[in-house]
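Here the structure is laid out as structure tokens; the discussion comes afterwards.
The values are calculated or read from the model by the stated rules, or taken from the named source; none is laboratory data. Only a predicted model underlies this, so the values are computations on that prediction, with no experimental measurement involved. All Cβ positions, glycine included, derive from the backbone under ideal geometry; neighbour counts span all protein chains shown. Ligands, DNA and RNA are excluded from the accessible area calculation, which covers all protein heavy atoms including side chains. Shrake-Rupley method; radii C 1.70, N 1.55, O 1.52, S 1.80 Å.
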Amino acid sequence: HAADAHRTDLMTLTRFVLNEQSKRPESRGDFTILLNHIVLGCKFVCSAVNKAGLAKLIGLAGETNVQGEEQKKLDVLSNEVFVKALVSSGRTSILVSEEDEEAIFVEPKLRGKYCVVFDPLDGSSNIDCGVSIGTIFGIYVVKDGEPSLDDVLQPGKNMVAAGYCMYGSSCTLVISTGSGAHGFTLDPSLGEFILTHPDIQIPKKGKIYSVNEGNAKNWDGPTAKYVQKCKYPEDGSSPKSLRYIGSMVADVHRTLLYGGIFLYPADKKSPNGKLRVLYEVFPMSFLLEQAGGQSFTGKERALDLVPTKIHERSPIFLGSYDDVEEIKALYAAEGKE
Ligand code: P6P
């Protein structure tokens, strides 16, 4: 029966990526090995995050435990796990982590052809109240010669893969290697990520806007006008709903599946917005474009931006194609004023 076939024909993330890579004659399995190490990190963090509450109770994870040892905070612990997993994969040359001020250059004997930029635990301030948080990553191929920061200061369109893992009611990993965005859910009994959302397509237009309204006082004209239109539509359509979790992975995941727009605009306090280009804006923009949506910085297509610093920030407007078109038109009109 079809149902049985579905139940027994488990499409794991590893199988899925091997299938994808087998279409590329030049691939030698390096990417699959790299991805397996990223997935190992995600499984570790998933387990640690799920225990965080209990750990707090019994004095682990960021507290002093029964032996009186200062336990590492989850974001520090997660960062160490990802750095160690990526270095030991032997497939990376440069790592950029939200947790490390400087880029990490892998020692020559362990170098590989990829650079990974990542936020090991984005939104970690939400851990204590149980709100979903996540890991976000993007992957570049190093240029020839000695690894240098130029290998990671590339526009997002040069990424060969990007993804996030959300630690929520279930552990969901969404990834793209350039042929669509695909969602996998961790089956804890198997310890495998199973394909549950093949080829995600974001609705062309959505009914939800997602922004921190608390910053409204500091918004520029186009953003203020756009949010006003969401709340008081001029064309007689019904107002959009506001959904803002304050954890980028959760807000973007909902946007990807339900449609709508996620905004972290510039404001007078932060002229470049808050979110980081390399390991928040680029990976999420890559995924949204692969799902048929788009991502805009207020000036240009987000993936065209060329970063000059590894922790650079940028405003971001991402989501359903038609919704982002509306805010692009408002910025274009401002440009003409
Ligand atoms: P605000 C979490 O701290 C984070 O980096 C993103 O995950 C989230 O989208 C954003 O900041 C929330 O920022 O200023 O609205 O609290």
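Which numbered condition in (1) at pLDDT 95 or above; (2) more than 27 Å from Thr196 (Cβ to Cβ); (3) more than 16 Å from the ligand (Cβ to nearest atom) is the only one that Tyr321 fails?
(2)
Name the residues in the stretch 179-194 that are open to solvent by less than 40 Å² (accessible area, probe 1.4 Å) and either among the aliphatic types (A, V, I, L, M) or in a loop (DSSP other than H, G, I, E, B) (or both), would you?
Gly180, Ala181, Leu186, Gly191, Ile194
Six or more apart or on different chains, Cβ atoms under 7 Å: show the pairs whose first residue is in the stretch 262-285 and on the phi > 0 side of the Ramachandran plot and whose second is within 10 Å of the ligand (Cβ to nearest atom) and open to solvent by less than 10 Å² (accessible area, probe 1.4 Å).
The qualifying pairs are Gly273/Ile316.
Could you please give the count of residues in the stretch 137-151 that are assigned to a helix (DSSP H, G or I) and of a type in the set (D, E, K, R)?
The qualifying residues number 2.
Going by what's in this entry, would Phe105 be described as crowded, with 21+ Cβ neighbours inside 10 Å and modelled with pLDDT of 95 or more?
no
Could you grab the pairs with beta carbons closer than 9 Å, sequence gap of 6+ or different chains, first residue in the stretch 120-136 and farther than 17 Å from Lys274 by Cα and in a loop (DSSP other than H, G, I, E, B), second one within 11 Å of the ligand (Cβ to nearest atom) and of a type in the set (Val, Ile, Thr)?
Val131/Ile245; Ser132/Ile245; Ser132/Val249
For residues that are more than 13 Å from the ligand (Cβ to nearest atom) and of a type in the set (Ser, Thr, Tyr), scanning just the stretch 121-176, find the one that is most open to solvent (accessible area, probe 1.4 Å).
Ser169
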